[in-house]
Amino acid sequence: MNVSPGRSDSRGAILSLPSVIWLVIFFAIPLFIMLGVSLLTRGGNPSDYGTPLTLQNYKDIFTEPLVSTLLRSIRIALQSTIICFVIGYPLAVFISTRQNTLVRQFSLFLVILPFWTNFLVRTYSWQIILGRRGVINEILQNQLGLIDSPLQLINTEGAVLLGLVYGFLPFMVLPIYASVERFNFHMVEAAHDLGANDWYAFWKVMFPMTLPGVVAGWILVFIPAIGAFVTPDLLGGTEGFMVGNLITRQFRDNGGSWPRGSAASIVLMIMVGISLFIYQRFASDESYARAGFTDRINRWLEERHIRIPSLLSSIVFWVLLVGFVVYLFTLNWTQTGTAAAVVTAILVGINIYQRRMERHKTESRSYEINPWSVRRDLWLRRIGKWGLAFNPIFSYFFLWSPIFILVLYSFNASRRAGGRWEGFSTVWYDNIFSGVAGSRSNYSTEEMLEAVETSLIIGVVGTIIATILGTMVSLSLERGVFRGKRWVDGLLYLPIVIPDITMGISLLVFFKVVFDLIENITGSRPFPGIANVAIAHIAFNISFVAIVVRARLTDMNPRYEEAARDLGANEWRTFWRITYPLLLPGIVAGALLAFTLSLDDFVITFFVSGGSVTTLTVFVWGLVKRGVPPEINAISTLMILASTTLVLISSLFQRNASRG
Amino acid sequence: MPGIDVELKSVTKEFSTRRGETTVKAVDNVSLQIMDGEFFALLGPSGCGKTTTLRMIAGFENTSSGEILIRGKPVQDVPPFHRPVNTVFQDYALFPHMTALQNVMFGLEMERVPRQEARDRAVKALELVQLSAAVNRKPAAMSGGQQQRVALARALVKNPTVLLLDEPLGALDLKLRKAMQYELKEMQKRLGITFIYVTHDQEEALTMADRIAVMDHGKVLQVGTPEEIYEKPHTRFVADFIGETNFITGTLKEKSGTQGQIELPDGLCVSAILDDPAMSLGQKVTMAIRPEKISLIPKTGTIKRGDHQEVSAEQALADLTNQPNMVVIPGVLWNSIYIGTDMRYIAEIGETKQEIVVRIQNFGGRFDQRYEPGQSIYVYWVTENARVLLD
């Protein structure tokens, strides 16, 4: 082979180039432009800005009333992360400990499927349940007669929290599942053998060892939760107003200000950056080492010969932890104090009890089994077992009931989208396709079909380009050798972790700047259209395709390719004859993921197009915001059906591939 | 007289199969008494229930029926973390997020031993297993042998009443395994702790254990000292599993006390020791003879005997047949294998051409008598060395 030495140093770099260019232009540069805009002075219109440079926009955000929105967002995001963890960890353990492969796959599937159905639709379904005349109020008031007037469930902070937990629970479960799946339960036996009861075996051994998955879950929930826009908008009203709503208002309302909105986006990005930094520290290869945080504190104290009684240190630790959580949820110092006192009392109690028991301990090789501590530990085990048994029942009910209710109500004869059941009817399905406008005249079949067509065009074109670019960059990163790989890696990773609202805003600002430029040169101003939306979708889908394809490539033995080359195939023929056929299932899976994400996306489309491009999600959004016609349940049901079919096809495809 | 440390009374463990229709008895009515300070080996092929037995003693599995007592106290309802036993796991199960020292300290932490004392004891335990240098290393940075030592130190530091070892040397290479066998045995003697040692390696059990329980299909077939197990196996399985054995089937013709006359299929009658004097006449039985207890003489030619003495084959045969308690059977060699310490000959004897393996030690030099395949020979053994077993 006549490969020049210079070339072999940078093999495959060229395949990264298209993706890198795309992501630099449509992802990185927009972020920098947004950063620039955030430092400019606002003008008369929301979208006007100019010099001088100022930090006023940031000052605005960190003073009332905006700062309380920021704090509320952080609080709600932390709360939803904690709740997702408390529900998600046992659920992940439940799934990964199923012995039967089919049962395990099915349990996992039940978590993944809601995650593939449209986020907007899933969030909307809570309106049916929580609304003033929603399912819960209907049951409590009219069926059971427990209350006289409807409870205020929707448009509260609690509703937002519920919606976020519902929306992001799968993000918590999946990485933890991956960690627990790899966890060797022998370790728990070893801990038991050494005298650790279930409590210690979990916190000292299992939890630290699965921490990488836990931290990944925390990040994957916290980041989208803090940048959430759809959930607080649909479920929160003014009570649950979050940063996402604040940013939207700056860009879409008359009283808004693009510089201020950009500044809010930057603040959001900084918070995301901080959480990613924490993630890097905890979930890297040396993760276990990082987990020994208390050990490090202990060592630090030991080196300085400071002795803190273990009782005191455990009281400090638990009071801080419990106090933080209680305060986060109650914002009430009295209750926080009470909780702290209770924790202290329990710890002191246990300590006194243990000291008394230790006096009974006898020396030498005879031994005593303390019946009380045996009983205590068996109760602990029983509680754990019940929790582990109850959790999946609750979780699956929680994940699936809104979907069932949505489907059920699509057959409700009532003219209201939620509320009382007035008999079975398929009239709303008929209406969708017969062009009848429903309760208000904001619906037409034609518009809907147009929206579907727009979605499909963007989806297909975007998916094809993203799949090609994503596959190329995967090959380059997995099989190539060149400098700067880490940078490409980082660039690919960012679009996934950045809140979609930030990406949408930055592209909105970017396209405005570009259009301004075009107007200055040509004199005519273009309008954002399908192409812009497709560009944005490709920008985030390259990364998702790359994740899936790279996973497949990592599993693939590079010896196949070497064998082909050994048998005389050049790189081009090696790719098409060997790599490509073996990689195809991964490529298809990546393409299906990209297509689904493209159809699912609302936030980025909404911002990039400035409302001028109506995809199906934008259309549904319009319906939900303007009066909720009864047809919406039927449309949502059809959307769920479509995405379910897509997932089933994709999983069948992957199963066949793994069998082949 | 030492007391009983661990006692199993008719312990049975049933596992239901996946569909729950049938149950499999992993451990079937096992009764054992393990003495204080004893090195006790549970020996058997994989799937014989030895590990399940160990796990029931440790408390990781519940018994389906029967009773387990540790120092006279029943422990069925005691979870593993309250039992005075510790385990060295087959895969060591070292906590990967802790250093060697932290691993060893873990058990003491759980006992609420003060930190400084715990550290001192852990360091001492690591010294005991000669691992002082690797104290602050994580398991991933240690060799298999080092991990094995940490696992041992981690269990020993708790001063267990009984130490359970589940094939602890299985993952080590041969040289290291031999060295560790010796070391473990020494350590056990020195510390006086009762060891229950699960292994499928008969040689390991023979070299290390004070007593061995041979298990198969969930049942204990025989319990005894290594010598008893090797020299006086009660069943064909035990004889076969421990060392190498020739089996010759026949019918019990006559018996007086433990002596029996066995008729071979070709009509030849040989005498042997009855394992069970209650065997009835006319019963089909198996005779077991170890290969090293069989000798050869050639049918023709001469044979070297003692110093500078050569006798003819005929004379040698006559000498043998004149001895009481000697069985002599003609045969033909068909293979000889050189294996260093000894020669292995495979012969067909009698009219039924029963295959038999003979091992003759390689003395070297002038004592060496070599035989060639195809040569006609006589095999002979002392009757006490042939034991009649039930199938």
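The values are calculated or read from the model by the stated rules, or taken from the named source; none is laboratory data. Keep in mind the model is a prediction, meaning the values are calculated, not measured. Here Cβ is always computed from backbone atoms with ideal geometry, including for glycine, and neighbour counts include all displayed protein chains. We work out accessible area using only protein heavy atoms, side chains counted, and drop any ligands, DNA or RNA first. Shrake-Rupley method; radii C 1.70, N 1.55, O 1.52, S 1.80 Å.
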Checklist entry - Per-residue accessible area for A:Leu53 at 1.4 Å probe radius, Å² rounded to 10? => result 130 Å²
Next on the checklist: Give the aspartates and glutamates whose C-alpha is closer than 12 Å to that of A:Lys59, dropping any in the same chain fewer than 8 places away, or say none.
Outcome noted: none
Item to check | Packing rank of A:97-105, A:552-560, A:110-118, A:580-588, where each peptide gets the mean count of other beta carbons within 10 Å, highest leading | outcome: A:110-118, A:580-588, A:552-560, A:97-105
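Tell me the carbon and sulfur percent of the accessible area for the protein assembly as shown, rounded to whole percent, probe radius 1.4 Å.
Solvent-exposed carbon and sulfur of the protein assembly as shown make up 59 percent of the total.
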Item to check | Whether the stretch A:310-394 is rounded, prolate or oblate, judged on the alpha carbon gyration tensor where a/c under 1.5 counts as rounded | outcome: oblate
Item to check | Label point distance in nm, A:Asn142-A:Leu311, each placed 7 Å from Cα along Cα→Cβ | outcome: 6.0 nm
Item to check | Between B and A, accessible area buried - total, square angstrom, nearest 100, 1.4 angstrom probe | outcome: 3600 Å²
Item to check | For residues of B:108-121, the mean tally of beta carbons on other chains within 10 Å | outcome: 3
Next on the checklist: With θ taken as phi - 60° and the coefficients 6.51, -1.76 and 1.60, list the Karplus ³J(HN,Hα) couplings across the stretch B:349-361 in order, rounded to whole Hz; mark glycine and proline as x.
Outcome noted: 10, x, 6, 7, 6, 5, 7, 9, 9, 10, 10, 10, 5
Item to check | Assigned charges on the beta-carbon of Lys, Arg, Asp, Glu; the protein assembly as shown dipole about Cα centre (debye) | outcome: 2400 debye
Next on the checklist: In chain B, if the dipole is taken from +1 on Lys/Arg beta carbons and -1 on Asp/Glu beta carbons about the Cα centre, which of B:Gly243, B:Gln261, B:Ala288 is farthest to the positive end?
Outcome noted: B:Gly243
Checklist outcome for this item: For peptide B:96-106, the mean count of other chain Cβ atoms within 10 Å per residue Cβ is 4
Checklist entry - Mind listing the phi-derived Karplus ³J(HN,Hα) values for the stretch A:14-25, rounded to whole Hz, using 6.51, -1.76 and 1.60 with θ = phi - 60°, and x for any glycine or proline? => result 4, 6, 7, 4, x, 5, 4, 4, 4, 6, 5, 5
Checklist entry - Using a cut-off of 22 Å between alpha-carbon atoms, which lysines can reach B:Lys232, once sequence neighbours fewer than 8 places away in the same chain are excluded? => result B:Lys50, B:Lys219, B:Lys253, B:Lys255, B:Lys284, B:Lys293
Checklist entry - What is the stretch A:54-290 by shape, rounded, prolate or oblate, if you read a ≥ b ≥ c off the alpha carbon gyration tensor as root eigenvalues and call it rounded for a/c under 1.5, prolate for a/b larger than b/c, and oblate otherwise? => result oblate
Checklist entry - What translational diffusion coefficient, in µm²/s and rounded to a whole number, does the Stokes-Einstein relation yield for the stretch B:11-71 at 37 °C and a viscosity of 0.692 mPa s, taking the hydrodynamic radius as the Kirkwood radius over Cα pairs? => result 261 µm²/s
Item to check | DSSP-defined antiparallel bridges as percent of all bridges, chain B, nearest 5 | outcome: 75 percent
Checklist entry - In the protein assembly as shown, if every C-alpha pair distance is counted and binned at 20 Å from zero, what percent goes to each bin? => result 10, 30, 29, 19, 9, 3, 0
Checklist entry - With all protein chains present and a 1.4 Å probe, how do A:His537, A:His305 order by accessible area, largest first? => result A:His305, A:His537
Item to check | Residues in the stretch A:522-545 that a label on A:Ala28 would reach, taking backbone N under 13 Å of a point 7 Å out along Cα→Cβ | outcome: none
Item to check | Estimated [θ] at 222 nm from DSSP helical runs (n ≥ 4, -39500 (n - 2.57)) normalised by residues in the protein assembly as shown, nearest 500 | outcome: -17500 deg cm²/dmol
Item to check | Dipole magnitude of the stretch A:54-290, debye to nearest 20 (Cβ charges: Lys/Arg +1, Asp/Glu -1, about Cα centre) | outcome: 360 debye
Checklist entry - Heavy-atom accessible area of A:Ser68 with all protein chains present, probe 1.4 Å, nearest 10 Å²? => result 40 Å²
Checklist entry - For the protein assembly as shown, what is the percent of antiparallel DSSP beta bridges, rounded to the nearest 5? => result 80 percent
Checklist entry - Assigning unit charges at the beta carbon (Lys, Arg +1; Asp, Glu -1) and nothing else, what dipole magnitude in debye, to the nearest 20, does the stretch A:310-394 show about its Cα centre? => result 300 debye
Next on the checklist: If I stretch the segment between B:Thr251 and B:Ser16 completely, what's the gain in nm (0.36 nm per residue apart, minus their alpha carbon distance), one decimal?
Outcome noted: 80.5 nm
Next on the checklist: Accessible area per residue for chain A in Å², computed with a 1.4 Å probe and the full protein assembly in place, what is it?
Outcome noted: 49 Å²
Next on the checklist: Checking the a/c ratio against 1.5 first, then a/b against b/c, what shape does the Cα gyration tensor give for the stretch B:222-268?
Outcome noted: oblate
Checklist outcome for this item: The ³J(HN,Hα) series, computed from each phi in the stretch A:31-46 with the Karplus coefficients 6.51, -1.76 and 1.60 at θ = phi - 60°, rounded to the nearest Hz and given as x for glycine or proline, is 5, 5, 4, 4, 4, x, 4, 5, 9, 9, 8, 6, x, x, 7, x
Checklist outcome for this item: Long-range amide H partners of B:Asp342, meaning residues 5 or more apart or on another chain whose placed amide H is closer than 5 Å, are B:Asn362
Checklist outcome for this item: Between the modelled labels at A:Tyr493 and B:Met279 (7 Å from Cα along Cα→Cβ) the distance in nm is 7.3 nm
Next on the checklist: How shielded is A:208-215 by partner chains, expressed as the average number of their Cβ atoms within 10 Å of its Cβ atoms?
Outcome noted: 1
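Given the Cα-Cα distance of A:Ile274 and A:Ile457 and 0.36 nm per residue of separation, how much length would full extension add, in nm? Don't skip to the end; give the middle numbers.
Values: separation 183, 0.36 × 183 = 65.88 nm, distance 3.73 nm.
Length difference between fully extended and current span is 62.1 nm.
State the dimensionless ratio Rg/Rh of the stretch B:241-295 (Rg: radius of gyration of Cα atoms; Rh: Kirkwood radius).
With Rh from the inverse mean 1/r over Cα pairs, Rg/Rh is 0.97.
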Checklist outcome for this item: Heavy-atom accessible area of B:His82, protein chains in place, probe 1.4 angstrom, given in Å² to nearest 10, is 40 Å²
Next on the checklist: For A:Asp48, what residues show an amide H to amide H distance below 5 Å, using hydrogens built from the backbone and excluding near sequence neighbours?
Outcome noted: A:Gly43, A:Trp258
Item to check | At least 10 Å² of accessible area lost relative to the chain alone, listed for the stretch B:137-181 with a 1.4 Å probe | outcome: B:Lys138, B:Arg154, B:Lys158, B:Thr161
Next on the checklist: Order A:137-143, A:72-78 from most to least packed using the mean count of other Cβ atoms within 10 Å.
Outcome noted: A:72-78, A:137-143
Checklist entry - A:Val342 to A:Phe398: FRET efficiency via 1/(1 + (r/R0)^6), r the Cβ-Cβ distance, R0 25 Å, to the nearest 0.05? => result 0.35
Next on the checklist: What lysines does B:Lys175 reach when the alpha-carbon gap must be under 23 Å and sequence neighbours fewer than 8 apart in one chain are set aside?
Outcome noted: B:Lys185, B:Lys189
Item to check | Computed E for B:Ser31/B:Cys269 - FRET, C-beta separation, R0 56 angstrom, nearest 0.05 | outcome: 0.90
Item to check | Leading residue at positive end of dipole, the protein assembly as shown (Cβ point charges), from B:Asn136, B:Leu169, B:Tyr92 | outcome: B:Asn136
